[in-house]
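Notes for the one structure printed next.
Bear in mind that the values in this text are calculations on the coordinates, not laboratory data. Here the structure is a predicted model, which means the values were calculated and not measured. Because the Cβ atoms are built from the backbone with ideal geometry, glycine has one as well, and the counts that use them run over all protein chains shown.
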Amino acid sequence: MAKPRPRVKLPKSVSVGVPFTVRTRITHPMHTGLRLGRDGKRIPRRIISRFVVRYNGEETLSVDLERAVSADPYFSFEMAVQESGEMEFEWMEDDGSTYRLSRRVQVKS
Amino acid sequence: MAGASLAALAAGLAGFRPVRIARAANETSRAIAAFTKGTVPAEGGVLLEVPEIADNGGAVPIRVSAEGARRIAVFADGNPSPGVAVFTFGKWITPAASTRIRLAGSQKLIAVAEMADGTFRTTARPIKVTAGGC
């Protein structure tokens, strides 16, 4: 499998207290463990089971995913901040493999 | 020949499906009880947005939201296992999120929200799926 590639879309600059949208996605097959491969054997379960977003070190959103979340897990949400900061995104697989991304959010003065 | 095996397959599926869904429905109430620690959630106060009909069960867009929620869990009572996702809302966020999910067939989706005061709210939405995606 190709290495999962995380992607995040959010505005580079935002206004104090004004909600903005964050869109996230990671390329990942989310193998349920129910399907059979071409060789007729069961494809082992392999999913992203946890997704966490932090802003300046504080947790903004966390998601516990089951295998019913589609391949290439996508999440979007809205948030509003008071100060510029560093946004961190973390995707964790069942086996502990972790994929990270971070983005700077600038608050317009 | 091909017709006969197709008929056998259809008969096999027809025999298998209801059993699986009945079991899953029972599992769903247990999964919800596990999330609420046995509390029966009150109806309303949580919004679950789903399309009425989904052409592709492999990626059905959904959105959950609940003013004042700490967590929202989503369950699908016609899937091989009922759990879909649990969202935990922290700082800065509006308690709402969108994602895409897999549904095995037409069924009922249930959202359960844990509010800041520790109470639970729930809402359910039926959904028609024309091509399953599990």
- [ ] If a/c stays under 1.5 just call it rounded; otherwise compare a/b with b/c (prolate if a/b is bigger, oblate if not). Do that for the stretch A:55-109, with a ≥ b ≥ c from the square roots of the Cα gyration tensor eigenvalues.
- [x] prolate
Task: ³J(HN,Hα), Karplus 6.51/-1.76/1.60, whole Hz, each residue of the stretch B:53-59, x for Gly, Pro - done: 10, 10, 6, 10, x, x, 8
Open item on the list: Could you tell me what a quarter of the Cα convex hull surface of the stretch B:22-101 works out to, in nm² with one decimal place?
Closed with: 5.9
- [ ] Mind listing the long-range amide H neighbours of A:D94? Cut-off is under 5 Å, sequence gap 5 or more, other chains count too, H placed in the peptide plane at 1.01 Å from N.
- [x] A:I47, A:S49
Task: Label-point separation in nm, B:E49 to B:A116, each point 7 Å along Cα→Cβ - done: 2.2
- [ ] May I ask you to compute the full-extension gain from A:T21 to A:S97, defined as 0.36 nm times their residue separation minus their alpha-carbon distance, rounded to one decimal in nm?
- [x] 24.7 nm
Open item on the list: Could you check the spin-label model distance between B:A34 and A:D39? Points 7 Å from the Cα along Cα→Cβ, value in nm.
Closed with: 3.1
Task: Residue-wise HN-Hα coupling along the stretch B:83-93, computed from phi with Karplus coefficients 6.51, -1.76, 1.60 (Hz; x: Gly, Pro) - done: x, 10, 6, 10, 9, 10, 9, x, 7, 6, 8
- [ ] Quick one: what are the phi-derived ³J(HN,Hα) couplings along the stretch A:8-21, Karplus 6.51/-1.76/1.60 with θ = phi - 60°, whole Hz, x for glycine and proline?
- [x] 9, 10, 7, x, 6, 10, 10, 9, 4, x, 9, x, 10, 9
TODO: Over chain A, calculate the relative contact order: mean separation of alpha carbon pairs under 8 Å at least 6 apart, over the residue count, as a percent.
DONE: 32
TODO: Taking the Cβ of A:A2 as the centre, find all other residues whose Cβ is under 15 Å away and add up their charges (Lys, Arg: +1; Asp, Glu: -1).
DONE: +3
TODO: Provide the three semi-axes, in whole Å and in decreasing order, of the ellipsoid equivalent to chain A as defined by the square roots of 5 times the Cα gyration tensor eigenvalues.
DONE: 33, 11, 11
Task: Hull-based mean projected area of the protein assembly as shown, where the convex hull spans the alpha carbons, in square nanometres - done: 14.9
- [ ] May I ask you to compute the full-extension gain from B:T94 to B:A42, defined as 0.36 nm times their residue separation minus their alpha-carbon distance, rounded to one decimal in nm?
- [x] 16.6 nm
Open item on the list: If I model a spin label as a point 7 Å beyond the Cα along the Cα-Cβ vector, how far apart are those points for A:E83 and A:V8 in nm?
Closed with: 1.8
Task: Euclidean distance of C-alpha centroids, the stretch B:25-65 and the stretch A:49-83, integer Å - done: 18
